Amino acid sequence: MAAVGAPMGAEETRKRVINRLLYRAKQRGFLELDIMVGEWAERNLQSQGDAFLESFSDVLNEENPDLFKWLTGQELPPPRVANNPAFASLQTHVTAFLNDKSDGATRAAKGAEWVRGWGDKGDGGNQ
């Protein structure tokens, strides 16, 4: 560990960047994203180059509701996000995660918003 005030080496700087990204990925304040994004980040960030880490930082700058809808296929992401290599890798992980961990009948159809409760379909009933 470098002494206080001493310049950090490239490896120590990289470790700090990765740790900061891991924290941001796991502590978004949106439980579903904390789990899906955090798990992916733990598995992937150590082996990625600096440009990829910068791309992932850009993904983490997105707002939680938008990121969730894009990752789960409820909405198409804008081109700046869709063309981001970190987002593409993360989206692949989220798709596999959802297919493995949840029944497709419990999720929104591609391009459709998630139904938010018992009577949200407009029929007035709680079925």
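Annotated for the stretch 10-115: lysine pairs at least 8 residues apart or interchain, Cα distance under 20 Å, count 6. Computed from the Cβ-Cβ distance with R0 of 25 Å, the FRET efficiency linking Ala88 to Glu11 stands at 0.35. Among the protein heavy atoms of the stretch 12-58, carbon and sulfur supply 47% of the accessible surface, probe 1.4 Å, non-protein parts ignored.
All other residues whose Cβ lies under 12 angstrom from that of Ala41 are scored, Lys and Arg at +1 and Asp and Glu at -1, for a net of +2. Length gained on full extension, Ser57 to Asn44, computed as 0.36 nm times the residue gap minus the Cα-Cα distance: 3.3 nm. If you take all other residues with their beta carbon under 13 Å from the beta carbon of Val59, and give Lys and Arg +1 and Asp and Glu -1, the sum is -2. Kirkwood-type hydrodynamic radius, the stretch 14-95: 12.5 Å, calculated from all non-identical alpha-carbon pairs.
The values are calculated or read from the model by the stated rules, or taken from the named source; none is laboratory data. Since the model is a prediction, treat every value here as computed from it, not as a measurement. Methodologically, a virtual Cβ is constructed for each residue, glycine included, from the backbone with ideal geometry; neighbour enumeration extends over all protein chains shown. The protein model used for the area step is the full one, side chains on, heavy atoms only, and it has no ligands, DNA or RNA in it. Shrake-Rupley method; radii C 1.70, N 1.55, O 1.52, S 1.80 Å.
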